[in-house]
Every structure is written in C-alpha cells, then in structure tokens.
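Presented below is the structure to which this report refers.
The values are calculated or read from the model by the stated rules, or taken from the named source; none is laboratory data. The model shown is predicted, which means the values in this text are computed figures rather than measured ones. Cβ sites come from the backbone with ideal geometry, for glycine too, and all protein chains shown count toward neighbours.
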Amino acid sequence: MIIKFTLNHQAVTIDTDPSRRLLDVLRVDFNLVGVKEGCGEGECGACSVLINHQVVNSCLVPVGNVHNKDVLTIEGYKLTPKYKIIETAFVDAGAVQCGFCTPGMVMATESLLYQNPHPSDLEIKIALSGNLCRCTGYNMIIEAVKLAVERGEGLW
Amino acid sequence: MADISQSIPKVDAYAKISGEAVYVSDIKKEGMLYAKTVRSSIVKGKITHIDVPSLPEGYSIVTRADVSHMNVVKIIFDDMPYYATDEINHLNEPILLVVGEDKEIIDKITREIKITYQEEKPVFDDSQSVISYAFNKGSIKKAFKNAKDIIEMTYETGLQEQAYIEPQGFIAYEEGEKIVLIGSIQCPYYVKNAVIHALGCSENQVQVIQAVVGGAFGGKEEYPSLIACQLAIAVRKIHKPIKLIFEREEDILSTTKRHPSKIKLTAALNHLNNITGLKADITLDGGAYKGLSSVVLSRAMIAVTGAYTIDNLEVQGKVIKTNTVPNGAFRGFGAPQMFFAIEMFMHHIAKETNQDPFAFRMRHLARQGDKTSTSGHFRDPIILEDLIRVATEKSKYHSKVSAYSNENIYKGIGMSIFLHGCGFTGSGESTHIKAKVKLLKTKEDNVKILVAAVDMGQGIKTTLPKVVASILEIPVSRVVFDYPDTDLVPDSGPTVASRTMMIVGGLVAKAADELKSKWIDNEEQTVMKQYVQPEYIKWDESKFQGDAYPAYSWGVNVVEVAVDPLTYQTKIINTVSAYDIGKAIDERIIIGQAEGGITQGMAYGYLERMVAKDGKIMQKNLTDYLIPTSLDTSKMSTYILDNPYALGPFGAKGAGELTLIGGAPAIALAIEMAINKKITKIPVTPEYIMELMNHDH
Amino acid sequence: MVGHYYPSSLEETLIELKKNRYQIIAGGTDVLVQYRSWSETVPKVKYPLMFIHHLSELKFMTENVDYIEIGACVTYKDLLSSPLIPKVLKDTIIEIASPGIRHTATLGGNIANASPAADAVCTLIALDAMVVIKSIDSIRTEKIEDFITGVKKTSLKPDEIIYSVKIPNVMSDYACFYKVGGRQADAISKVSLAAVMNATDGRITKWRMAFGAVGPKVMTSLSIDGMMIGKTIEEIKITIPAILEQYSPLINPIDDQRSTAKYRKLVAMNLIQKFIDAIS
C-alpha cells in the first residue's frame, strides 16, 4: 500500500505492508532509532511518538493508520525550541538515568503540554503513566515536567 | 573548591534525552544477520530428536554441535550450558539459534523446527540441595540454654524480575582473527572471559565493547555471557555480523531473577527481653543452574543480623535446585530477602513480648567496635542514630505510629533500618578481581579514564570524571570516560556489588593523585593502579569468619501507606529516607539512585508478583508483571548524611544496592500496622491482605 | 489470499466485507497485541486487515432526545473531551490503559474485542447501551450484553461492522465505575463494577450493575437488577447481605496470572456494598 504522511515535518511516501508496526517502519525504513522498543505491547511507552500531536505507542499502530497523518519522533522534535526547554529541565531535574525510557517520556511530556500547558501534579502523573521508568521512581521526571512548564511559560 | 557533592549536569544526559545515545538494538552493520533462539518447550527431560527443515541458502542453525571447546557459561560453577545439552532442566532453555538475513524467513524456520522430548518428572520442592554453608558466632548453645523466651518465625519472599526497560541484546562480528561483541552488559570482562572459555581462544581474540545500557539492576551481570557465548560460536561458524535482541517476553521467561527465599529465624531472649542468640535457616531457590547462587547465599547469610548486633549466632543456608529458570544477580544480591526477614522478625519479637518495637530495635543497633555477624568488626563510625532521628522526624514517625494504632483507620507507617556491605564479599576483591585502573593524559592535557566500569544509568560516567577533575583541578569537560572496550581498558572488575565508586573510584582517585604529583604539561602520561586490600581486613572464606566487607553503608526508610478495606489495595502516601553512603559524589545522582532504589524495593514488597507454576513463569510480560507507574509512587524525601570513609574517594562508599534493601520491610511493616495482622511474606498483595484480614474474624 | 484493505468509505468497506473475509482493525491496540510476532516482522494475522480507523463516517458523536450515539471509531481521547459523554463513562475511560492507548483506541474496538475485563463495556452495559451493527444489506441493533457472547466472542458476522454505540439519553442519579487493577494506572482490571441507579421519592426506579473480570464476559443480570426496582433506598441499605446473596451466582471468577477467584469474588461483593453505601 502507498502510505503518505508527514514525518518530522516532511512529507514522505512509502510503499509497504500497512500491517507493519509504525515502530518498525520508523526504526528500519527511516533509521529513527530514538524510538525504542521495550515491550512490544503498549505497556512501557519507550516507543512513544506523536500522531497529530498526541502521544501513541508506535508498537501498537499499524502503519496504515498514519496515512495522511502527522508523525513526530524525538528526531524531529529535538529541533524545536520547546524540546530545548524540556531537555534542559530533564537535565536539571536529574530525570535521566539509563535513558531508555527518556525519549518516550519527552514525547509524552510534549503531548501533555500541547493539550494542557498548565497541568497539575496529578495531570502530569496521569500523562506519564504509560511510560515506564525502572530507574528513577518518577519523582525527578515529574519535577522535570514541572520545571518545563515553568520555564516554557507562553511557549505551549 | 566546590563541595564534590554539588551536582553537575550528567554528561550523557543530552544524548539520552535526544534519542542519540546508541543502544545495542540501534546498531547496524554491513551484511548483518539476525539470530533467533529456539527454546525448550518442556520443563525437564531429554531431547530425543531435533527435526530441522531444509534451510534456504544463507540460513543456518547453530547448536551445541558447533561448540568446539567448552559448552558452559563461565560464572562460578561450570554447570550452565549456553546451548542446551540433551538434558533439559527448565522451560525455555536455549537449544539453538536460527541465523540469517531476513527475519520473516528466520521466524518461519523457527516455527518449522520440531523438537521431540522424553519428559521426566521435574522437581520444585526443596529436596535437591546443591550448595550449603554454615557458620557460628559466640556460643549459641549457652544463649538458648539460658533463654527466658524463645521465638520462632518463618518468612518467605518471591521472585522479582529486574525489568530493565531495554531487553538483553548483543551484536557480534569478526575482525580478522578477533571476535568483537557489543552488548548491553554490566561486566565487559565477565563476557570476555566467558567467550575465551567457550572458544578456547587466546585473550587477544576477543574484544567486548559496552553499548549504552538501558538499565540492568544485576540482570545484565552474568546472564549476557550466555548470549555472548552463543553468538561467538555462531559468528565463528558463519563469519558474518550477527545481532540477537531479546523480545520482552523472551527476556522475562528465560533470564535470571531474584531468588525466592524461605528464612526460618529463632531467637533466644534473656530476662531483659534482649536477643542473646539467633538461629537462622536460609533457603534460596536457585532454579535449574547454580550460576551466582553461592555468592547470593553468602551475602544473605552474612546479613542475618540486619543492622543489629547479636552476640551468638548459628546460621545455615542452602541453595536448592528446582526445574525453573535460573535465578541470579539482582540489586541487593541476597540482602533484600534477609532484611525483609530480620526486620519483620525484630518487630514481631517486640510485639510478641509486649515491648515497644522502636525501643527494642534501638537497643540492638550495631555500634562502632561491635563484632559483625561473622565476628569481624565495625571499624568505622556508625551514624545510624542520626539517620533514624532524621528519618523519624521528617516523617513524623512517632506521632503517626500512635495515630495509626487505632482500629479502622487502615493507615500504617513502617520503618526499616539496614546496612549494605560495600564491594565483593570477603576477600573477593584481592583474590578474584584484582582491579586495575589506568589514567591516560594526552598531549593536549585531556585525561582519559580507562576502566571497565559500566554506566547503566547510575551515573558513573559523570561521577568518575568528577572525581578525577576535582583532584586534578581541571574542568570535567577535559576528562573523558568512554564506554569501556576491553581492547582499551584494563580489567577494573565488574559493575556490581556497590563497588564501582568505592573500589574503582578509589583507585581512580589514587591514580589522579599520582598524576597530579607528576603532571607535565603537553606530555603524554599514564598512571596505573591496582587494588590492594587493606592489611587489617581478614577473611576466612571456608568458615565465614572475619571482615566480610571493607566498609558498610547504612540507611533508614520510613514508608506510610493506606490500605483500602474493600479492595485490599495499598497506596503509598509518603516515603522518607536517610542514608550514610560516606560522601555523595553528586548529590542529585545519589538521590536519583535512592528514589529508584526504594521504588523497586517497595514494589518488591507489595506490588511485583511473579510466580512459577510447575516451572512456568505465569507473569510473562509487562502487562501481567506489574512494576510501578508514575501514579504508583508517592512523594519521596531523601536525606544524605556525610560520614566519610577513609579509603573511599572523597569519603564515598557504596550506594547502588543499599537503597533497594529497606523498601520491602518498611512497606510490609506499614501494611502490618494498617491492617493489624502479622505479615510473613512478600509481596504483600491485595490477595494476601484479604486472606489476612478475613482470617479469624 | 487477498491483501489488506484500506477503504475510502464505509460503503466500500461493507461491500468488500461481503466479498472477502477480513480482520477489522481500528486503532490497533488490541489487534496488534493479539497477532504480535517477532520484532520487525509483520503481525501474523489470521485474515487480511480491513483498516477503518480513518473512516469519518465512524467518527461522529450526536445526541437526540432518546440517545447519545457514538461512532465506532471515536477514540477514548475524543470521548474524554466531548461534552456529550456521560460523566461515568469518562470516569471509566480515564482508568483504561494509558494516554498513548487512549489516544488511538476506539470504543467500537473495545466492544468488538469482547474481553471479560473490558472496562468501558461494563459501564456501557450499566447504561443500557446498544450496539448498532451494519452490513451492506442490513442494519441491526443489539444490547451490548447480548452482542458479546463469550470470551473474545461476539455475534458480529464476517460481513458486519460495528457502526455505533447508542446510549439512552437519560440522567442517572448515581452512576459509578469502580476499577480494581493490579496498580494505579495502566492495568487490566482484576475486577470491576459499573453501577447505575435512579430513584424517585426515595424509591428505586432503575438499577443496573455490570461486573468485569468475574466470568467469561462482562456479567450482568436484568432479572437480579430488577429485584431492586420498587424498593426504597433504606430497604436496600438494610438488606445488603440479601442483595449480595442475590448477585453471588452471577460472580464466577477464575484464578489466573493477575489474581485469584476468591479475591475477585469477595471484592466484587465489596464493590456492591460500596455502591450501596454511596447512594442516599
């Protein structure tokens, strides 16, 4: 099937089996390896990307479903000013340990702030609840999101 | 100079946040093939036949028949084959690899391979003891003869899965005569030595490189050696790069976990209601192969008295073999099981004898100069009372204990007091590891740290350069610490046992001191250091006598919970911790370790349930094996109290494992208070709470 | 074998479903788990996939005096942000899975998947929701509890598609969803209860309960529920043990990797009590 979509701000067209996982298409066909596979069944969130600004688990998206959609991965997002705010916040809050969940956490954060620029603590926790981290115990990640909210005032 | 504890940005954070950090699954090589493992579908028995379909051009299978030298993973006991022999000892034991270019074709071949077995009766009970140790302290007979009270309890702990978010994986390829392996590993030299042992080749024919590691927690200590050996054999046969990445389910079903335990404790109390003697009988389920079980057992046994001093001991321990997936290293390494048991026991003894549990525990605290469980000595100052004061004050422990003691509040607060021996048990550092480190100053006056220590998230990539930069008084940016490559770095030992900062960091600091003293601008210089055990440390491995560890880190956790009396679910309300890790090399990194550690420890205590039913792991994925999400954690407050250790860099001791150990007993004690029932096993699941609450009502 | 199909309209979908057998896929969050295969290989589906997630005809939400109607491909996220959706259904959805799943999973998919632990199905049943099923030459409406026939089984025929869900447009005096999962988020229910009650002058006029993860499908009984009608709230509150007794035969859970039959049964009973305690 011919699938047309926007990938990291660029129009792309691929001819592929539409049942393939978006995760595989991103990693194999486009070499976007910042998108990680941690579980393959939508539990861990390491494969989080945005489709039309909303975070999804790319391991559970058949690539046919992104036809005519806008897909953003960490590789595209990292070029934006909003990313810079989140990046610095993650560094300053100590939110990064092994790093395997981190790009997914960043995408989940963007998805949250796009919908809700001033989230409560509970809303932050809910927004990150599909992204498992085994290293931090989450407090520093939650702190990082709060820092990003504060420093990114007006950006979202 | 600024206080070393003052935090700096982690040097690898930017690459990780932006997705640029290269994990093993992200690596591609020209002409690379993929491998998939075919595993046993029975628990115990013999392979009678393997029926392989005719393979298309370019596809191969690799089995034990391809092993020309040793088909065992070199760990401690040489009992675990990396390609199953005819004898199958657990479900999902690796039998062969299918290797080729197209994953669809490989997948098809694996489904077409038919293996026939002759099944045998598996063993799951404790009838097969494969390792047993015992030791004594003082005179246990006398203590029990003169006892006013004798109290006995048995405690049980379950399996725990490391659940690193990045599954296991390797890529291996040939470079001339050499085999190069890049993997998600904790111990580059363990892998290297295992591959040398498997191939029977010379040292310079194996090169091991660490990729960025997406979490490990002990799970990537010994297990990766098995995959490395399989791949090395495959690469020698096929002569092309091969990549093998585990699926999550495969990872959970076939890799090592925390040993389940059963611990029977019997205490003798004198007329002052003090413990004069303790008997302990510790059983660990090692699974189908021994692996590291002997050292896990040692650590559990040595931790028998917890953070307390008890004069007379009789300690016996054994590892039993069962036909389940082998258990192995996991952050804490035997200590979490023992600390759960002893902390609950101290509380239960106090309750049983109508004493205030807090006062009872305080009376037994270990003090400087006391004899350890193995009749060594606590030589260094112990600041446990300060830790307890900080943790209880910040958590309002005492007022909450009285508030929650009333019926029908269903809230509880629990405290654990614990220690962790830093570094290898006994004289392992001097007899087995013999760590070497190297500093290389370039002509440009940049300094390279050459050690085999792995950053698996704990931040050593930042903290080691910080130590060197502080000593040399140069910016951290001029200190380079690349991911270790065994062709470039000496063997500084494995990244385990809370040893990296204290032992490897200590050597690096010594090397930096020397480099500073002989520093010549714009000249290449190298300094090498090797570990020398302090003279006064004496350890008799056969008798478990002497100083089991060069130093101890200490901690106190206070956990507050609410239990829903209708659903029996536990919610963590607050956690407060205080630690003595000597000196934090970077406070934020340590607090991050501490928060992650207690989260894993508490989850071990109440949330993470893994059961092997007739040898089959029932929770085989992250849908069924539940680890905490952001909504399962509470606010955590962590206090680090300085108590510098003379031989550690800037006074640092071990930290990584310590922070996990107290989580389970603290939360179990909190739940015990909330439901006013005696808890004797973990995880304290809602199902278990229901049983307890509805018992004798 | 025919290939996967990406239709451009609902009509085209239905015509094609008449001709060939397909596995319908909406958001994909159940189908891709069910047919999961080795990483980087295609899912090993039994039938070619029929993609419907993009069909605008299945993405509507409308309201009339009788019903709120929700197109099968409306995602959880869209439900959460719609003013038309009853609060109890939103309270249910926010407890399902995680944001990433909620952004793409659909209400129709949750019903079609027919999991005995499906949270949204519990609440829809308690709300007396109906499912509208279309084929190229038929349209039929069925109660959700009848549409789902067993573990992962429905009355959907190969040429049919779930078109929409119709929820009676009535106010509930009390409507609750209690989810008991293994952890606070992103967990499959060990047991759940959706309960709805209306009363006039203190007398029960409507009483519906639906239990998740206690049987081969979401369990409900109009006849047991019916015994509550006409009673006063006070009568209900003083006869809790009898009411639990009445519901008990409906609750027949099993032991599995997530929980035990004993726990599920007792907690289901406790949840009934919790609901009764909450009403006044």
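A few notes on this one:
- When the test is whether a residue is acidic (D, E), over 27 Å from C:A187 (Cα atoms) and not in a helix (DSSP H, G or I), C:E40 does not pass it.
- If the condition is being without any contact (Cβ under 8 Å) to a residue 40 or more places away in the chain and more than 22 Å from C:S192 (Cβ to Cβ), then the range C:121-136 contributes only C:I133.
- In the range C:112-134, the residues that are in contact with a Lys or Arg (Cβ under 9 Å, 6 or more places away or on another chain) and over 12 Å from C:I148 (Cα atoms): C:A117, C:D119, C:A126, C:L127, C:D128, C:A129, C:V132, C:I133, C:K134
- Here the condition is being surrounded by 23 or more Cβ atoms within 10 Å (Cβ to Cβ), of a type outside the set (G, A, S) and touching a Leu at 6+ places or on another chain (Cβ under 9 Å); of C:L55, C:L107, it holds for C:L107 alone.
- Counted residues, the range B:570-591 - those being more than 17 Å from B:G332 (Cα to Cα) and within 10 Å of chain A (Cβ to nearest Cβ): 6
- Exactly one residue among C:D225, C:D201, C:D186 is closer than 21 Å to B:P686 by Cβ and either free of Cβ contacts under 8 Å to residues at least 24 places away in the same chain or within 14 Å of chain A (Cβ to nearest Cβ) (or both), and that residue is C:D186.
- Of the residues making up the range A:82-103, none is in contact (Cβ under 8 Å) with a residue 40 or more places away in the chain, of a type in the set (A, V, I, L, M) and closer than 30 Å to A:I2 by Cβ.
- Of the strands (runs of 3 or more DSSP E) that lie entirely inside the range C:74-161, those containing 1 or more residues that are of a type in the set (D, E) and within 29 Å of C:Y174 (Cβ to Cβ) span C:138-143.
- The set of residues in the range B:213-248 that are of a type in the set (A, V, I, L, M, F, W, C), closer than 25 Å to B:G597 by Cβ and out of contact with any Ser or Thr (no Cβ under 8 Å at 6 or more places or on another chain) contains only B:F217.
- Screening B:P122 against (1) closer than 30 Å to B:I349 by Cβ; (2) out of contact with any strand residue (DSSP E or B) (no Cβ under 7 Å at 6 or more places or on another chain) leaves a single unmet condition, (1).
- If you check C:A199, C:A195 for being in contact with a Ser or Thr (Cβ under 8 Å, 6 or more places away or on another chain), at pLDDT 95 or above and surrounded by 15 or more Cβ atoms within 10 Å (Cβ to Cβ), only one passes: C:A199.
- A single entry from B:V73, B:V43, B:V62, B:V22 fulfils the requirement of being surrounded by fewer than 21 Cβ atoms within 10 Å (Cβ to Cβ), modelled with pLDDT of 95 or more and closer than 21 Å to B:D251 by Cα: B:V22.
- Here C:T62, C:T41 are screened, and the one residue that is free of Cβ contacts under 8 Å to residues at least 24 places away in the same chain, within 12 Å of chain A (Cβ to nearest Cβ) and β-branched (V, I, T) is C:T41.
- Subset of the range A:13-52 [over 29 Å from B:G215 (Cβ atoms) and touching a residue at least 12 places away in the same chain (Cβ under 8 Å)]: A:I14, A:D15, A:T16, A:D17, A:P18, A:S19, A:N52
- Checked against the criterion of being away from chain A (no Cβ under 14 Å), outside any loop (DSSP other than H, G, I, E, B) and touching a Phe, Trp or Tyr at 6+ places or on another chain (Cβ under 6 Å), the range B:128-137 contains one or more residues that satisfy it.
- Meets criteria (small (G, A, S), more than 13 Å from chain A (Cβ to nearest Cβ), under 29 Å from B:L622 (Cα atoms) and within 16 Å of the chain's Cα centre (by Cα)) for C:A105: no
- Criterion: assigned to a strand (DSSP E or B) and either touching a Phe, Trp or Tyr at 6+ places or on another chain (Cβ under 9 Å) or surrounded by fewer than 18 Cβ atoms within 10 Å (Cβ to Cβ) (or both) - qualifying residue of C:E69, C:E12: C:E69
- Verdict on C:K87 being more than 13 Å from chain A (Cβ to nearest Cβ), without any contact (Cβ under 8 Å) to a residue 12 or more places away in the chain and surrounded by fewer than 17 Cβ atoms within 10 Å (Cβ to Cβ): no
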